[in-house]
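Asks: One structure is given below, represented as structure tokens, and several questions about it will come after.
The values are calculated or read from the model by the stated rules, or taken from the named source; none is laboratory data. Note that the structure is a prediction, hence the values are computed from the model and not measured. With ideal geometry, Cβ positions are generated from the backbone for all residues, glycine too; neighbour counts draw on all protein chains shown.
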Amino acid sequence: MTSTDNARPETIRLTDGRTLAWSTYGDRDGVPIVAIHGSPDSATVWRLADTAARACSVRLIAPNRPGFGASSSKPGRSILDWVDDLDELTDHLGLESYRLLAISGGSPYALAAAWRHPDRIPTLGLLSVIAPLDVPRITAETSPPIRFTFFVARRLPFLLRPMAAAMVRTARRDVDAAAERLIKLRPEADRAVIRRPEVMAVLKANLPNQFRNADSIATEMRNAARPWGFDLDAVTVPTLIWQGGLDDVHTPAMADHLANRLRRATLYYKPDYATFNFVDDLHDILDSLITETA
């Protein structure tokens, strides 16, 4: 659920001159959790967690990656490059320690941060994860449109830019039509949740922020398909993974792979969930990040 208090983005100027934008939800005096959006996506999606964050006394800090929301683009960036941006933000905010929560395509970025900073991140939460796409048959259970996108990202990356440009044009031309197109790509279990008025409002507010820059969208897809730049076996931060059994975008096989590769992972499996069903569990998810370790 979301409150009516829509956080206005804040910005800092990074050392290379780019702008990094973030929004804060929940309790500004609460326990800091950095919330990492999916791909393509933006920090606006975390507005859905505002009410739960307030109830849990959590300060939910949601940055936009380059080219999303009001954050400047960065051509050719890698997953590990983004950890440098995160470091500048958390240092700016004076956070010596913070928890991480990531959804979907944000998973590799969160894992990269945990790999680099096990001393600063006591707990990592991953929601509806993706796994490295070079794992044999890891995309076998995804829906045909998603499987095609992953195939293009791995085998035909030169097509990513025109695909992303089409997404941007659709979102700019008609937000309602773009929202309906995205809903049709989701499992039925998700559609019922997305069509709730408060969730649909966030989805439509999110669209202009997530489909702003075609090059950045293509970069996100390319980064997911390439080697992530670190060894999953070397991630030592206790990691909590929440996965829905009906999710055909981020499949149970992907969650199983990460749970088996990570040294300190706990998998919470919901057989009747897809992705958006977890909106109803955000209070428990945030509370777990504060109180539990794997």
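Asks: Residues in region 76-87: is at least one among the β-branched types (Val, Ile, Thr) and touching a residue at least 60 places away in the same chain (Cβ under 8 Å)? First the steps, then the outcome.
Replies: Initially, region 76-87 is screened for residues among the β-branched types (Val, Ile, Thr), giving 79, 83.
So of that shortlist, the ones also touching a residue at least 60 places away in the same chain (Cβ under 8 Å) come out as 79.
Checked against the condition, which is being among the β-branched types (Val, Ile, Thr) and touching a residue at least 60 places away in the same chain (Cβ under 8 Å), region 76-87 yields at least one hit.
Asks: Please go through region 81-105 and give me each residue that is aromatic (Phe, Trp, Tyr) and closer than 17 Å to residue 237 by Cα, ordered by number.
Replies: 98
Listed here are the residues, each with its yes/no results for (1) surrounded by fewer than 17 Cβ atoms within 10 Å (Cβ to Cβ); (2) β-branched (Val, Ile, Thr); (3) touching a Gly at 6+ places or on another chain (Cβ under 9 Å).
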| site | (1), (2), (3) |
| --- | --- |
| 130 | no, yes, yes |
| 134 | yes, no, no |
| 142 | no, yes, no |
| 147 | yes, no, no |
| 150 | no, no, no |
| 156 | yes, no, no |
| 159 | yes, no, no |
| 168 | no, yes, no |
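Asks: Keeping to region 254-294, report how many residues are in contact with a Cys (Cβ under 8 Å, 6 or more places away or on another chain) and either small (Gly, Ala, Ser) or not in a helix (DSSP H, G or I) (or both). Walk me through how you get there before you give the answer.
Replies: The first filter runs over region 254-294 and keeps only residues in contact with a Cys (Cβ under 8 Å, 6 or more places away or on another chain), leaving 283, 286-287, 290.
From what's left, either small (Gly, Ala, Ser) or not in a helix (DSSP H, G or I) (or both): none.
Here the count works out to 0.
Asks: Provide a single number: the residues in region 100-123 that are in contact with a helix residue (DSSP H, G or I) (Cβ under 7 Å, 6 or more places away or on another chain), farther than 13 Å from residue 34 by Cα, of a type outside the set (D, E, K, R) and not in a loop (DSSP other than H, G, I, E, B).
Replies: Here the count works out to 3.
Asks: Can we say residue 97 is in a loop (DSSP other than H, G, I, E, B) and surrounded by 23 or more Cβ atoms within 10 Å (Cβ to Cβ)? Walk me through it before giving the result.
Replies: On the way: in a loop (DSSP other than H, G, I, E, B): yes; surrounded by 23 or more Cβ atoms within 10 Å (Cβ to Cβ): no.
No.
Asks: Can you run down the residue pairs with Cβ atoms below 7 Å, 6 or more apart or on separate chains, where the first is in region 138-164 and at pLDDT 95 or above and the partner is among the polar types (S, T, N, Q)?
Replies: Listed by first residue and then by second, the contacts come to 141/251; 142/251; 147/139; 150/139; 150/142.
Asks: When the residues of region 45-62 are narrowed to those that are under 23 Å from residue 204 (Cβ atoms) and of a type in the set (Gly, Ala, Ser), which ends up surrounded by the fewest Cβ atoms within 10 Å (Cβ to Cβ)?
Replies: 52
Asks: Are there any pairs, at least 6 apart or on different chains, whose C-beta atoms fall under 6 Å, with the first in region 46-58 and on the phi > 0 side of the Ramachandran plot and without any contact (Cβ under 8 Å) to a residue 40 or more places away in the chain and the second surrounded by fewer than 24 Cβ atoms within 10 Å (Cβ to Cβ) and outside any helix (DSSP H, G or I), and if so, which?
Replies: Pairs that qualify, where the first residue is on the phi > 0 side of the Ramachandran plot and without any contact (Cβ under 8 Å) to a residue 40 or more places away in the chain and the partner is surrounded by fewer than 24 Cβ atoms within 10 Å (Cβ to Cβ) and outside any helix (DSSP H, G or I), are 57/27; 57/30.
Asks: Here are 171, 166, 205, 178: which of them is farther than 29 Å from residue 281 by Cβ and assigned to a helix (DSSP H, G or I)?
Replies: On the way: 171 fails: farther than 29 Å from residue 281 by Cβ; 205 fails: farther than 29 Å from residue 281 by Cβ; 178 fails: farther than 29 Å from residue 281 by Cβ.
Result: 166 is the single residue among 171, 166, 205, 178 that is farther than 29 Å from residue 281 by Cβ and assigned to a helix (DSSP H, G or I).
Asks: Please pick out the residue among 126, 95 that is touching a helix residue (DSSP H, G or I) at 6+ places or on another chain (Cβ under 9 Å), touching a residue at least 60 places away in the same chain (Cβ under 8 Å) and under 23 Å from residue 265 (Cα atoms).
Replies: The unique qualifying residue is 126.
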